[in-house]
Amino acid sequence: MNWHTLNGCGGALGARAIILIAAMTISAAAPGAAEEVGGAPGNWLSSYVGARTLGLGGAFVATADEPLGVIWNPAGLNSLEQNEVRFETASLNEDTALHGLSFAVPGSRLPSFGVSMVALRSGEFERTDELNNPLGTFQTGDTAVLVSVAKGISPRLSLGGNFKWVRQSVEEWSGNGLGVDIGAMYAVTPSLRVGASILNLGGPSITLRDSDEKYPLELRGGVGARVLGGRGLVTCELDQVQGTGVRFRGGSEYWIQPQFGLRLGYGDSHPGGGMSYRLDRGIQVDYGLADQELGFVHRIGVSYRFGGYFAKSAADPAVFSPTGEQAVTKIHLTARTKADAASWSLAIRDKSEQTVRSFAGKGTPPAHLVWDGKDETGLPLPDGVYRYRLMVADSEGREMASPGSMVEIATGGPEGAIQVLPAE
């Protein structure tokens, strides 16, 4: 909210309340964003960062692979593979709370679809007159609801759009507005993407009492690259809000294990970081932390993925001994692709990320395959932990990968004392 709106609401708010509301808006923004656009209409939404994106420095326009990613680039919906529900929350200064809730369904022949809601709520602010006499308290709030669609124009190019409704309230005054965002994402290679979006086309425009505020046009563009065999992500982004300068954001992500990932980012000259942990049954917990003018900002997010399109692989048993009773492991394979499956492959890698055994075929992957712990030449491999991942390509050139999993060769057997029975 800007100063004109506050002044337009009359002297009833008072100077102290004005300062508190400005601080609330700045707190909701990304680190450093307040320096340039902290008072601009709609800055609370355009500078929104979630738990994962906070750790990436807010650089997400070329990735946007989660439901709330539509705030950066609605075309990112097309890169989702499973149905996903996501909830995020943050406690800010002056008892202010920021919440986000989103649900997305990936499409194949039909467009991908998503619905998101983001809300910023203040605590109690003191209401005063022109002489600074107390007149009670009041609250402020902002809410945005986005309905998003995205469609793959080709295996490499995706387009998307948001239709958004925004409501703003200050004391007894409130106003609503409508706006549109559009975005595009292009896969230069399977591991390199570029993304761009235009936000606030034609609005929203909100009137509180006598003051009319129109959200400024915002341009975003960036690049995202998957590295280290898909376990790492490097991303950067440039943003420009109408009437202001260009803001730079950058970040990186690395999954140390299939279940645990770390992030480090840099947005508007302020560092950030975070981590994620994947639980069973498609649940993921994200945490983000950044340092900004008013102190540290924390974000917590929880997502649940189910159904949709996927590739899965699971070894049974996960620990086996080629020289023992469990001489082989059976790796179960399942996949559901957006178009007909064209080919599949599974690579088993050692701790040095060298492929020691690979399997491949045409069409849909088989229900399972058997590995005897040997390499491509038929020689036994040493004891240790090995990683494997199923890759499935469909007839339109899209690729899906299962989460990285581990299997262990253990021929040594358990250690223990040997019982010696006395002779009779």
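We did not get these values from a lab; they are worked out from the coordinates using the rules stated. Owing to the predicted nature of the structure, the values given are computational and were not obtained by experimental measurement. So basically every Cβ, Gly included, is an ideal-geometry build from the backbone, and we count neighbours across all protein chains shown.
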Checked the stretch 318-352 for anything within 26 Å of Asp394 (Cβ to Cβ) and acidic (Asp, Glu); matches are Asp340
Of all residues in the stretch 343-371, how many are in a strand (DSSP E or B), more than 29 Å from the chain's Cα centre (by Cα) and not basic (Lys, Arg)? 10
Considering each residue of the stretch 315-342, count those that are aliphatic (A, V, I, L, M) and either in a loop (DSSP other than H, G, I, E, B) or within 30 Å of Leu56 (Cβ to Cβ) (or both), and give that number. 5
Please work out if Val194 is assigned to a strand (DSSP E or B), under 29 Å from Ala339 (Cα atoms) and touching a residue at least 40 places away in the same chain (Cβ under 8 Å). yes
Step by step: first the residues of the stretch 175-228, then only those that are among the β-branched types (Val, Ile, Thr) and over 24 Å from the mean Cα position of the chain (by Cα), then the one that is farthest from Ser112 (Cα to Cα). Which residue is that? Thr207
